[in-house]
Each structure stands twice: as C-alpha cells, then as structure tokens.
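Data first, discussion second: the structure below is written as structure tokens.
The values are calculated or read from the model by the stated rules, or taken from the named source; none is laboratory data. The model shown is predicted, which means the values in this text are computed figures rather than measured ones. Neighbour counts run over all protein chains shown; Cβ positions are idealised from the backbone, glycine included. Side chains are part of the model used for accessible areas, which takes the heavy atoms of the whole protein and leaves out ligands, DNA and RNA. Shrake-Rupley method; radii C 1.70, N 1.55, O 1.52, S 1.80 Å.
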Amino acid sequence: MILEQLINGITLGSIYAIVALGYTLVFGVLDILNMAHGEIFMFGAFMGVLVTNTLKLPLIVAFLVAIGVTAILGFLLETLALRPLRGKKGVSHLAPLISTIGVSIFLENLAHHFFGAGNHPFRTSFSEMSFQIGTVTVYAVQIVIFVIAVLLMVGLSFWLSKTKAGKALRACAESLEAASILGVNTKKMITTTVIIASVMGGIAGVLVGMAFNSVSPQMGLSMGLKGLAIIILGGMGNVKGAMAGGLILGLAETLVVVFGESGYRDAIAFALIIIILLVRPQGLFGKASEARR
Amino acid sequence: MVLEVRGITKRFGGIQALTDVTFQVGKGEVFGLIGPNGAGKTTMFNIITSMFPPTMGEVIFMGKKLTGLKPHEVTEAGVCRTFQNIRLFPEMTVLENVTVGQHCRTKSGVWSSVFRTGAQKQEEKSIREKALELLRLVGLEELQDTFADNLAYGQQRRLEIARALASDPKLLLLDEPAAGMNESETKDLFDLIQNIKKLGITVLLIEHDMPLVMRICDRLIVLNFGKEIAQGTPEEIKNNPEVIEAYLGREEEEDLA
Amino acid sequence: MLAELINPYYLQVLSFILINIILGVSIYITLSTGQLSLGHAGFMGIGAYASAILTLDYHMPLVVGIVVGAILAGIVGLCIGIPTLRLQGVYLAIATLGFGEVIRVLFINLEGLTKGAVGISSIPHIGRELVKGLQDFGFKASMIGLKNNQLISLSVFLLLLIITLLIIAFFIRQTNSRVGRAFAAIKMDERAAEAMGVNITYYKVLAFAQGAMVAGFAGALFAHVTAYISPADFSYHRAVEILIFAIFGGSEVIWGPIFGAAFLTAMPEILREVNEYRYMIYGVLLVVMMAFRPQGLIDTQMIYKLKQRRKKKGVS
C-alpha cells in the first residue's frame, strides 16, 4: 500500500518537475515568472484529449501535436506579451508578471470557450494496463510517464551542459548583456528559451492527462501554482532544485491523501509557497547570498 | 565631536570595501571624503546612514550610536544625505519632494489627516512654508510645481540638497554634489555649501572636483582601496606624497585605458 | 413617474459597480506603496464569510457583521503584511497569490463553518433589513409611490453610494497628507524614502492592512447584497479582476481604479455580447496595458494638467 503510494508520488512528482523546469528556464534567462506557463500546460493536455479521444489517433501523434501547439503558444507569448516590455524605459519589474497573468487568464477562458468547463476523460490504449510485482500494482501509464520525465530531464541537462546552444543559453542566464557582447544572438536565445519551456509544459500536459484521465480548463492554474511552489522550494532558476522540488511536492501530496486529508491536497503547494518565501526565500537549494531586493 | 567613525571595516563576500577607517568631524566643519573611484567613499556613507551594517566598528553621532539603527532612525537623529546617482521622487513635484524630507519632523497620522484637524492644517501650512523657504535657499522656488523628473541635472542635485535639509539635519552628507555640473553651477554649489555651513550644519562631502574640495573643506580624509592614506587640512593633503601617488597612479591608469 | 424610472435591475448593476469601486480602491491603497497583492480576493472572502456567518449563525446585526468582517480582514492583512515585508515585488505577488488560494481551499474544506463548495445562501440582505427598519418607523414604499422591491434596491444603492463616497473621501484626504506622501515616496524609491526619514516598515504594513480591510469591507457588503456567497466568488479570477481595475484605470491616482472598476463593470451590461468574452478581454487588456500604458489610462500627469487648466481658468 505504502509502496504503491510511493510510486504514485514519484509519478506525480516527475510531472511536477517537468512543469517546474519550464518555469525555471524562463526565470533563469529572463528573470521573469511566467504566470501563463500553467495555461500553456493545460493547452498541451487538451491537445492530447483532442487527438486521442476525438480524432482517435495514437498517443505519439498527441505528443507531436501538443509539442507543436505549445511551441506556437510560446512563440506568441514571447513576441506579443514579453518582447514589447523588454528594454523599455520606466517599465516596472512587475510589468512582465502582470502581462503574463493577462495571457494566463486569456488562455484559460479561451479553453473554456473551445472545450467547455467540464472535465474531459483522457483514454489511452493502455490506460487500464497494469501488472503485479509481489503485492504492488503498477500501471503501465506510470512507467511511461516516469520514463518520459526522466528522458526529458536528462535531455535538458545534457543540452544545457554539452551543446553549443545550451551553453549560449546558460551565458544568457548569467547576464543577457554580457552574452550579447560575446556575440550570442540574445533575441533568438530568448525566443528559444520560451518555446522550449512551453513545449516542456505541453508534454507535461499530455502526461498529466494520461495520469489522471481528466483534463479541464482550470487545471492550468492549479498546476501553475504548484510549479511556482516547486521553483520557490528548489530555488529560482535552479534546474536540479526544480527536479528535487517536484519530487518532494509529489510525495508530500500523495502522503496527505494517504492520511485522508485529500481536500487539502492542493493547499500544500500554496502553503509551501508562503512558508518558504518567509523562512528561506532563496529556496532549499538556493545560495544564501541571493538577496531578494 | 559631531561624528565619530570608529574602526569601520566592511566586507562584501570576499571583497574588502573598507578597512579600519577612523575619523572625527567637529561641529560646523566641512569635512571632505576623497579618493579614487572604488575607494569605498559611498560605502562609508551607506554605513553612516545605516543603509547596511558595517562588518566591524561603529558610528557615533553626538554621543549616540548610529550603528544598528534603521535608516529612518538615523535621519530622525539628525543625519541626512544625498545620493551620488540622484534619487529624487521623479513623479512628485519639486515642492512635494521637499515636503517628504520633512516627514520625520512632522507627525500628522491617518486620523488627523482624514478629519483635517486644526493641528494638521497648521502643520501642512508650516510644511509648505518651510519647503518654499528651502527652495529659495537652493534657488528652485520658481520651479516648485515642476515634476522632479523634468528638472535639469544641476537642478536635480540642488533639489536633493533641499530635500535633505528639510529633515533639519545637524550633519549633512553630500555624495558628489558637483558631478555633472558646469563651472557656474559649481560656483553656485560652493556658495550653497557655504550658506549651509553658516546655518550651523556640519557637512561631510564626497567630491571629485579637487579645486572645490580644496577651497571648501576644513579638513579631509583620503581613502584608497578602502584604507585611509591621509588625513588633515587641504594644505597638508596637497603635499602628502602618498596622496599624490594615489592620484597620479590613477591618472596613469586612465591614460592607458 | 419616479416609480417608472427606478428599475431594480439597473440599481443592482449600479450597486455592483459601487462594490467594485471599493475593491478598486482597496488594491489602489496597497499599490500606492508599490506592493502588488494578488490576495485581495482572499481578504474580500474573509470579510464576506465572517459577516455572513456572524449574521446568519450568531444572529448579529448586519452592521456588526460587516464591521467585524472588515476588521478581521484587516487583522489577517496585518498578519500577512508584516512577515511578507521583506519580500520584494514579484515574490510578494506570489506569496499573496498562495495566501488567496489557501483561503479559498479553507472555505471549501471547513464545511461546518462555511458549508463547503456549495456556499452560504439566504444571507440577510442589506436592502430588506433597511426597508424593514424603515417600516418600523412607519415608512412604507407606497408613501413615495414605489413598489417594495424598488425601495429595497434603491435603499441598497443609496447606502452603497454614501459608503463609497465616504471611502473615496477618506483616501483622497489621506493621499493628500503626510501619510499619502510617505506612501508615494516608498512607491517611487524605497531606499530614498527611508533615507529621508520615512519608516517604510510602518507605512508598508499600514497600506497593506488598510487595503485588506477595505477589501474585506467590500466583501462583507457583497455578501449582504447578493445574499449568496461561495468559494468560487473569491478565486484567482476575482483577484485578477480587482487588479485589472487598477491596471486599466491607473494606479497612480485614486481616480484610476475608480474609473477602471466603473467602466469594466458597466461594459458587459451595455454590450451584452461582451459578457461571454469578459475574462478573455481582461487578459488582452492586461497585456496591452503593460505594453502601451503601464501606468493605466488615468495618471498623475493627466490629473496635473487638468488641475493646471482649472487654475488658469480661475485666474482669468
């Protein structure tokens, strides 16, 4: 029983980690909290529903469509909501936050309009498939989610540390100005970052659809807040912190459900945000010198 | 002594910004704080005004310890400053900027303001009168309704001085007041500092304009890389070999760059 | 003649506009020290629930319920405002967003007190209570040629109008005082403000608690005007809606959020088709405002020019 819950927690946590990575990438490079990330994630989930349920196409197509749509959303987010604010004189640091809140509320209600308010089931050919290991039941979906999540994390880490583009991106994260002096095309790098972050959100969306078998326009907000909680837990802009934070939140939520307080499951993330910001604003894995001023 | 700075040391991470700096400023003096860029002068101002704490040492003002106080408490105690990179309230008018300076010398709160009590009205009137008087002193009276943001550079510097004077300081800290000023503006500034001195206010001055410093300061301290290299009257400083070297060395670097 | 003019529906819309104006003022106060709160829906909810529960379960008079609701929201604001002081800008926004969601989850889960997701219904209605009071004095709707429901709506509207005007007057006076100047100084440059002797801790907490209290007050009024509240009334959407009053109308002068609240509440009533797309329009508005006029439609310069013009007219 506990072991099963542990597996549930890890599955959930690995999805959270992917969502959080999207936040971290954008924050690391742009110093912006992208409040629309949760809604982009939700669009990814709906693409999954659309492809597998309505069009009856295989899951792999669902992933491809989700990737395509969220990439476009990421591009639009950057060009319409973020770029116009960049480098403008007298724009407060709250402006990008407010602008992305605008995008989030727009996308949520757009989804509401297209898909209706209710929950949509998300069926895959192997959603009922499971097997026993001793007394423990493991669902195939969980394994798929976990494998994809790990692949994504490893892939991103590899890309960031080993490839030229990834190195350029890290240079941008250090200092946009310095990177541009060193000949990095920062405009292109920023757009790439936002698109990659959005695509990760989209993939996570499909995975969540598979895990919970349910998709709704409101899921973006709750997942968005969880992503925020995780990066605050793991330290802003910290890739490894985001992964660890995701797993911690996933396990914590599963434990609360085990102890029968499922109504408060969603509150954990929000309470975490408040507590960590107050007690250890640099995050569990952040450096203490990062002043929040 | 108005101000006693005792053994101030400040480290930022691995960087030693100030090392064991000690000096005293007497009542009514204009005391200069000079040195090449990065010598730790503004850091010293930030420590005196408690913008951040020193790593070691303490600051005593008229027998009262300033170290550990909050910045607004330092202002209440009678120490006020201007900023090197002008920090006016840009969307306030010139007059409003000076009224904010009087904040800690006035006391109307929410209720007296909302119910416009007699005392509050009286206070508002006196705030306005005093602000106008200070604007007259710095020569910005005509521009009282202009937004601070729209002032010329030199005017902004003078407004900062007026705003600081509004808090009735006994010690005024001026951080490079002549920076970016032309010759006639600098001359006006000289007169202004003389007038401030006449009001009985002690002045601590950071400045790069050497002729101005040498003419106006009673005594000076010279910092280089966060350490004191000399202290004394302008005459003594001018002839100090270490000071000459510090400044000449800097000029050489600039030539190379 | 009068009886035909008074349409309860329009009066209700006007009443909601007034409540939203109070909410707009509440976010303006917090913003006037440069603090962005996404928790105002939570404070509003605290006021609403507290007053609803006190009047319904404990049979307190409406006035007591509303005042206690507002004060409670203010106290919670104080409790949130003090520890979050060290958080700057974005982090404060996120912490208050978290707070708002915690409050909403509590409303859903504390079923014994709040009736959970279903919400609380048949909350005492301000208008009915007022009219009942008037009847005790022997005053009847028919005496001025009105139907009873017309008098109810009219009394709600007039009461809210008076309250709103008082609140606006309160904060205009505060803004034009030593306190208001301290707020403005902190908003423009916190470090400079504290160097000029402004106790930034005190004024930031004051502004935060005032904002929370006014939001709680508006929430309590809301509960007694709609007679029904549920956790969904105080969600993230509400927080964004309150914020947009100030972002659209402007957050530099009090007239900004007042205009924003009035315009954005009236718009869907005038243009029916708009209502369906309301939140999508809000979203687009936020993005467009940030890109083209981040200070909002009405700003200091505009008010300043108007004043100058009036001055000149006065002279000539």
What figure in square angstrom, to the nearest 10, would you give for the accessible area of residue A:191 with a 1.4 Å probe?
20
With DSSP loop assignment and no more than 12 other C-beta atoms within 10 Å, the chymotrypsin sites (Phe, Trp or Tyr not before Pro) in the range B:45-140 are B:115
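Treating the beta-carbon of each Lys and Arg as +1 and of each Asp and Glu as -1, no other charges, what is the dipole magnitude of chain A about its Cα centre, to the nearest 20 debye?
On the way: 19 positive and 12 negative charges, 202 e Å.
Magnitude of the dipole: close to 960 debye.
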Rg/Rg_globular for the range A:12-61, with Rg_globular taken as 2.2 N^0.38 Å and Rg from C-alpha atoms:
1.40
Among B:200, A:3, C:254, flag the residue with its Cα farthest along the positive direction of the charge dipole of the protein assembly as shown, charges on Cβ as +1 for Lys/Arg and -1 for Asp/Glu.
C:254
Which angle between 0 and 90 degrees, to the nearest 10, do you get for helix B:183-198 versus the longest principal axis of chain B when only C-alpha atoms count?
70
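About the Cα centre of the protein assembly as shown, what is the dipole size in debye to 20, counting +1 per Lys and Arg Cβ and -1 per Asp and Glu Cβ, all else neutral?
Working: 73 positive and 65 negative charges, 239 e Å.
Using Cβ point charges on Lys, Arg, Asp and Glu, the protein assembly as shown gives about 1140 debye.
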What 222 nm value per residue comes from the helices of chain B, counting each DSSP H run with n ≥ 4 as -39,500 (n - 2.57) and dividing by all residues, nearest 500 deg cm²/dmol?
-12500 deg cm²/dmol
For chain B, state what percent of all Cα-Cα pairs lands in each successive 10 Å bin, counting from 0 Å until the bin that includes the largest distance.
7, 29, 34, 21, 7, 2, 0
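Provide the buried accessible surface between chains B and C in square angstrom, both chains summed, 1.4 Å probe, rounded to the nearest 100. Before the final figure, lay out each step's value.
Values: alone 12890 and 16260 Å², together 26090 Å².
The buried area between B and C, both sides summed, comes to about 3100 Å².
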Write down the Kirkwood hydrodynamic radius of the protein assembly as shown, to one decimal in angstroms, obtained as one divided by the mean of 1/r over all alpha carbon pairs.
30.2
Computed over the range C:2-315, the convex hull of the Cα set has an average projected area, in nm², of 18.9
Carbon/sulfur fraction of accessible area - the range A:2-292, other protein chains in place, 1.4 Å, %
68
Share of the range B:1-101's accessible area from carbon and sulfur, percent, 1.4 Å?
50
Can you pull out the buried accessible area for chains C and A, both sides counted, probe 1.4 Å, rounded to the nearest 100 Å²?
3800
Per-residue SASA entry for residue C:277, accessible area with 1.4 Å probe, Å² rounded to 10
90
Dipole of chain B [Lys/Arg +1, Asp/Glu -1 at C-beta], most positive-end residue of B:78, B:234, B:17:
B:78
For labels at residue C:162 and residue A:162 in the simple 7 Å Cα→Cβ model, what's the distance in nm?
7.6
Convex hull projection area averaged over all views, the range C:192-265, Cα basis, nm²
6.2
Applying 1/(1 + (r/R0)^6) with R0 = 22 Å to the Cβ-Cβ distance of residue C:232 and residue C:263, what FRET efficiency is obtained, to the nearest 0.05?
0.35
How are the alpha carbon pair distances in the range B:126-232 distributed across 5 Å bins from zero to the largest one, expressed in percent?
2, 10, 22, 23, 19, 12, 6, 3, 2, 0
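Let me know the shape class of the range B:21-62, please: from the alpha-carbon gyration tensor, a ≥ b ≥ c as square roots of the eigenvalues, rounded when a/c is under 1.5, otherwise prolate if a/b is greater than b/c, or oblate.
oblate
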Stokes-Einstein, Kirkwood over Cα pairs, the range A:118-178, 4 °C, 1.567 mPa s; D in µm²/s equals 86
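Considering only DSSP beta bridges where both residues belong to the protein assembly as shown, give the percentage that are antiparallel (nearest 5). Don't skip to the end; give the middle numbers.
Values: 26 of 42 bridges.
Around 60 percent of the beta bridges assigned by DSSP in the protein assembly as shown are antiparallel ones.
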Determine the alpha carbon to alpha carbon distance for each of A:187/A:240; A:88/A:226; B:197/C:187; B:41/B:170; B:121/C:307 and list only those over 23 Å.
A:187/A:240; A:88/A:226; B:197/C:187
Alpha-carbon Debye profile of the range A:2-292, log10 I(q)/I(0) at 0.13 Å⁻¹:
-0.88
Run the simple label-point estimate for residue C:64 and residue C:136 please: 7 Å along Cα→C-beta, distance reported in nm.
1.3
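When the Cα atoms of the range B:89-155 are enclosed in a convex hull and the volume is divided per residue, what value in Å³ results? Please list the in-between numbers first.
Values: hull volume 6.1 nm³, N = 67.
Considering the Cα atoms of the range B:89-155, their hull volume per residue is 91 Å³.
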Expressed in angstrom and rounded, the centroid-to-centroid distance over alpha carbons for the range A:22-99 and the range B:159-187 is 50
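What is the ratio of the Cα radius of gyration of the range C:64-108 to 2.2 N^0.38 Å, with N the residue count, to two decimals?
Details: Rg = 12.1 Å, N = 45, 2.2 N^0.38 = 9.3 Å.
With N residues counted in the range C:64-108, Rg over 2.2 N^0.38 Å equals 1.30.
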With the calculation restricted to Cα positions, what are the radius of gyration and Dmax of the range A:1-100 in angstrom?
17.0, 58
Dipole axis of the protein assembly as shown (+1 Lys, Arg; -1 Asp, Glu on Cβ), positive-most option in B:180, C:209, A:77:
C:209
Exposure of residue A:47 as accessible area (Å², to 10), given a probe of 1.4 Å and all protein chains
20
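Can you give the translational diffusion coefficient of the range A:175-288 in µm²/s, computed by Stokes-Einstein from the Kirkwood radius over Cα pairs at 25 °C and 0.890 mPa s? Could you put the intermediate results ahead of the total?
Values: Rh = 15.9 Å.
Here the translational diffusion coefficient equals 154 µm²/s.
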Per residue convex hull volume, Cα atoms of the range A:94-233, in Å³
162
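Keeping the other protein chains in place, figure out the carbon and sulfur percent of the accessible area of the range C:2-315, with a 1.4 Å probe. The partial results should precede the final answer.
Numbers: 8470 of 12520 Å².
Carbon and sulfur together cover 68 percent of it.
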Sorted largest first, the Cα spans of the range C:69-135 on the principal axes come out in Å as 53, 27, 17
With only helices counted (DSSP H, runs n ≥ 4, each -39500 (n - 2.57)), the per-residue ellipticity at 222 nm for chain A, to the nearest 500, works out to -23000 deg cm²/dmol
Where a ≥ b ≥ c are the square roots of the eigenvalues of the C-alpha gyration tensor, would you call the range C:272-316 rounded, which needs a/c under 1.5, or, failing that, prolate if a/b is larger than b/c, or oblate?
oblate
Give me the angle, in degrees from 0 to 90, between the Cα long axis of helix A:265-279 and the longest principal axis of the Cα atoms of chain A, rounded to the nearest 10.
30
Taking a 1.4 Å probe, which of B:185, B:123, A:253, B:242 shows the most accessible area, and what order do the others take after it?
B:242, B:185, B:123, A:253
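Under the classification rounded if a/c is under 1.5, otherwise prolate if a/b is larger than b/c and oblate if not, where does the range A:41-128 fall, given a ≥ b ≥ c as square roots of the Cα gyration tensor eigenvalues?
On the way: a/c = 3.73, a/b = 2.33, b/c = 1.60.
In terms of gyration-tensor shape, prolate.
So if I place +1 on the C-beta of Lys and Arg and -1 on the C-beta of Asp and Glu, and nothing else carries charge, what would the dipole magnitude of the range A:94-225 be about its Cα centre? I want it in debye, nearest 20. Can you show the working numbers first?
Values: 7 positive and 4 negative charges, 92 e Å.
Magnitude of the dipole: close to 440 debye.
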Run the numbers on chain B and let me know its relative contact order in percent, using alpha-carbon pairs under 8 Å that are six or more apart.
27
P(r), alpha carbons of the range C:101-171 - 10 Å bins starting at zero, rounded %
17, 29, 24, 25, 6
Angle between chain C longest axis and helix C:40-57 axis [Cα atoms, degrees, rounded to 10]:
30
Rounded to whole Å², per residue accessible area for the protein assembly as shown with a 1.4 Å probe reads 42
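Can you pull out the trypsin sites (Lys or Arg not before Pro) in the range B:1-102 whose DSSP state is coil and whose Cβ has at most 14 other Cβ atoms within 10 Å? Don't skip to the answer; put the middle values down first.
Values: sites: B:6, B:10, B:11, B:27, B:41, B:64, B:65, B:81, B:87; in loops: B:27, B:87.
Here the sparse-neighbourhood loop sites are B:27.
For residue A:143 and residue B:133, what does the FRET efficiency come to when R0 = 51 Å and r is the distance between their Cβ atoms, rounded to the nearest 0.05?
Step by step, r from the Cβ atoms, then E = 0.05.
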Measuring from the lowest to the highest alpha carbon on each principal axis, how far does the range C:137-289 reach, largest first, in angstroms?
63, 43, 27
